[in-house]
Amino acid sequence: MIATTGWPLADGARSRGLAWGARRSGPDRFGAEPPALVRPARTLDHGVTCMDSPFIPPVPPTPDQPLSPMRRLGMLLRRRSIMATFPRAAYEDLIYQRRQFGWLTVFVNDPAAVHHVFVTNAANYERPVLARRLLRPLSGDGLLLAEDTDWRNQRRILAPAFTPENVSLTLPHFAAAGEALANDLGAGRVNLLARIRDAALDAACRALFSLPSDTDGTYRRMSALVREYFVHAGWIALWDMLARRESDYVWLQKERSDFKRRWFAEIDGIVADRRRQPSVGGARDLLDLLMQARAADGTPALSDKEISDQVATMMAAGFETTHAMFWTAYLLACDKAVQDEVRAEVLAAPPAQVRTLARLRAWPALRRVLMEALRLYPPFPVTARVARQDDVVGGVRIKAGTLVMLSPWIIHRHHRFWDQPDAFIPSRWIGREDRPGEHYIPFGVGPRVCIGAAFATSQVMLVVATLLARYRVELDDPRPVLPTLRNATVPAIEPWFRLSLLDEAPGEDRGSTAIPPAKAA
């Protein structure tokens, strides 16, 4: 989940898919571009449009040769996208190695090597200090950062909350959030990412707390906090790379400590409010399930602090479904035939009828589109581990302290594993919906695979289905929608879309619902 943003162009870089043709404006002393989160808009002149088949979404260019350590460091410190540092060999080799000032980093792309690091010998690998420093203010001591026995205990306690029966409990909340989004939009030109961001927050708050997100402003404050964290305090800084312990250089982390104080004050307030409410029969939402969890002796399994830590993790993860929703809508807007196919099955089985996970199987085309969106834009683009002891991975000797990287972004676009890896081809999943294969890992791999995967995919499917049941969706922006890697795979811009009611001619405008596009966060 460690990622940065931006896309400096390497001299002689080779474009994968639709590379963005931008001129270098002059290197700085690290050999990277001058700082800018998003470059000036450029229209696409590559002769490929959204409606070409198959559609090949634009990506930053891939260097032919590995970048120098100083260049990579400069890009990282200046918030350039980590994907722009991956050379062509990373997408072709089963084990890709590179050194940074003498330190070896190993990217494992081979399924056997991935299984060794994350399953059979997972006890030998832990999250690096840098990841813990970045994620602790957001997730506390919850499941995300727990290790060893603590992680096993937390996973055991939380698992009942994510059974199919309990995930089905959240489906009406997701449907209500989708309906609220569709009602709010209207036909016209719209900044869909901003509206989807609100819908994802609304869905998460309904599912977690049984409340829409605008009841008293609490959840919008939380949304603003999360966005602020990943734009500012959550960025990798030089002292993060120098730190050997989480406690190192804490005096330089005032922004993070201030975020953590405000973030957990909001969450603690929500938990305290629920404690004061009279008990109801059964569980209404995920917070009820956490509060009702019991240990073997019948006592509460989680303290209020532990509940707050888990809620913080779930809230941040729920907010991050924004990007899965956005990329799914974007890809559908760029392939009219697929959009029409998905809409036909949604109209035949309306979202209001979906009350169980099994009912989502009535939308196989939508499921395949979502699978392809998660392949092209994985929610966790890079995961890092550090070897505790010496090991051998894929024939490579790994010394204690070596950084081992698993990148779904790379594996999902690897030339050995995929036909036309950069193309949007949802039909590749026909007959494979339940058996996607070992090269498809959008939610991780092994025992630490994301516990909320069904929660997230259900949320995306219901919100997108409700949108398509009401509107035709078109991209109405000449700028390339480039992905960039941060905590998730996010769009570098907030593009314009055009929505048409199904009883209107495509493109007919009944007024704008526009929120001015801005830099994506």
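The values are calculated or read from the model by the stated rules, or taken from the named source; none is laboratory data. Just so it is clear, the structure is predicted and the values come from calculations on it, not from any experiment. With ideal geometry, Cβ positions are generated from the backbone for all residues, glycine too; neighbour counts draw on all protein chains shown.
Scanning segment 386-393 finds one or more residues that are surrounded by fewer than 22 Cβ atoms within 10 Å (Cβ to Cβ), farther than 15 Å from residue 108 by Cβ and in contact with a Gly (Cβ under 9 Å, 6 or more places away or on another chain). When 197, 156, 152 are checked against the criterion of being in contact (Cβ under 8 Å) with a residue 24 or more places away in the chain and of a type in the set (D, E, K, R), a single residue qualifies: 197. Are any residues in segment 351-363 of a type outside the set (D, E, K, R) and modelled with pLDDT under 95, and if so, which ones? Listed by number, the residues that qualify are 351, 352, 353, 354, 356, 357, 358, 360, 362. The condition (being touching a residue at least 24 places away in the same chain (Cβ under 8 Å) and either out of contact with any strand residue (DSSP E or B) (no Cβ under 8 Å at 6 or more places or on another chain) or not assigned by TED's automatic domain parsing to the domain that holds residue 174 (or both)) is satisfied by just one residue among 324, 348, 329: 324. Name the residue that is modelled with the lowest pLDDT, counting only residues in segment 187-211 that are under 27 Å from residue 500 (Cβ atoms) and part of a loop (DSSP other than H, G, I, E, B). Of everything passing the filter in segment 187-211, 187 is modelled with the lowest pLDDT. Residues that are of a type outside the set (Gly, Ala, Ser), at pLDDT 95 or above and in contact with an Asp or Glu (Cβ under 7 Å, 6 or more places away or on another chain) occur at least once in segment 457-472.
When residue 454 is tested against (1) modelled with pLDDT of 95 or more; (2) within 29 Å of residue 167 (Cα to Cα), just one condition goes unmet, and that condition is (1). Restricting attention to segment 353-373 and to residues that are in contact with an Asp or Glu (Cβ under 8 Å, 6 or more places away or on another chain) and of a type outside the set (Phe, Trp, Tyr), the residue that is surrounded by the most Cβ atoms within 10 Å (Cβ to Cβ) turns out to be 366. If you go through segment 339-348 and keep only what is farther than 17 Å from residue 500 by Cβ and either touching a Leu at 6+ places or on another chain (Cβ under 8 Å) or modelled with pLDDT under 95 (or both), you end up with just 345. The set of residues in segment 140-161 that are part of a helix (DSSP H, G or I) and buried (at least 18 other Cβ atoms within 10 Å of the Cβ) comprises 154, 157, 158, 161.
Among residues of segment 216-244 that are assigned by TED's automatic domain parsing to the domain that holds residue 177 and free of Cβ contacts under 8 Å to residues at least 40 places away in the same chain, those with a beta-carbon under 7 Å from a residue that is assigned to a helix (DSSP H, G or I) and exposed (fewer than 15 other Cβ atoms within 10 Å of the Cβ) at least six positions away or on a different chain give the pairs 239/252. Between 341, 306, the distinction of being surrounded by fewer than 22 Cβ atoms within 10 Å (Cβ to Cβ), within 18 Å of residue 144 (Cα to Cα) and assigned by TED's automatic domain parsing to the domain that holds residue 205 belongs to 306 only. Residues in segment 87-117 that are buried (at least 18 other Cβ atoms within 10 Å of the Cβ) and touching a Pro at 6+ places or on another chain (Cβ under 8 Å): 87, 91, 98.
Inside segment 223-335, counting only helices (runs of 4 or more DSSP H) that do not spill past its ends, which hold 1 or more residues that are modelled with pLDDT under 80 and of a type in the set (A, V, I, L, M, F, W, C)?
On the way: elements: 238-242, 254-276, 286-292, 304-333.
Helices (runs of 4 or more DSSP H) meeting the threshold: 238-242, 304-333.
What about residue 180, is it farther than 19 Å from residue 463 by Cα, outside any strand (DSSP E or B) and out of contact with any His (no Cβ under 7 Å at 6 or more places or on another chain)? When the stated conditions are applied, residue 180 does not pass them. Of all residues in segment 305-334, those that are in contact with a Pro (Cβ under 8 Å, 6 or more places away or on another chain) and more than 20 Å from residue 485 (Cα to Cα) total 1. Has segment 82-92 got any residue that is at pLDDT 95 or above and either in a loop (DSSP other than H, G, I, E, B) or over 30 Å from residue 481 (Cβ atoms) (or both)? Within segment 82-92, one or more residues are at pLDDT 95 or above and either in a loop (DSSP other than H, G, I, E, B) or over 30 Å from residue 481 (Cβ atoms) (or both).
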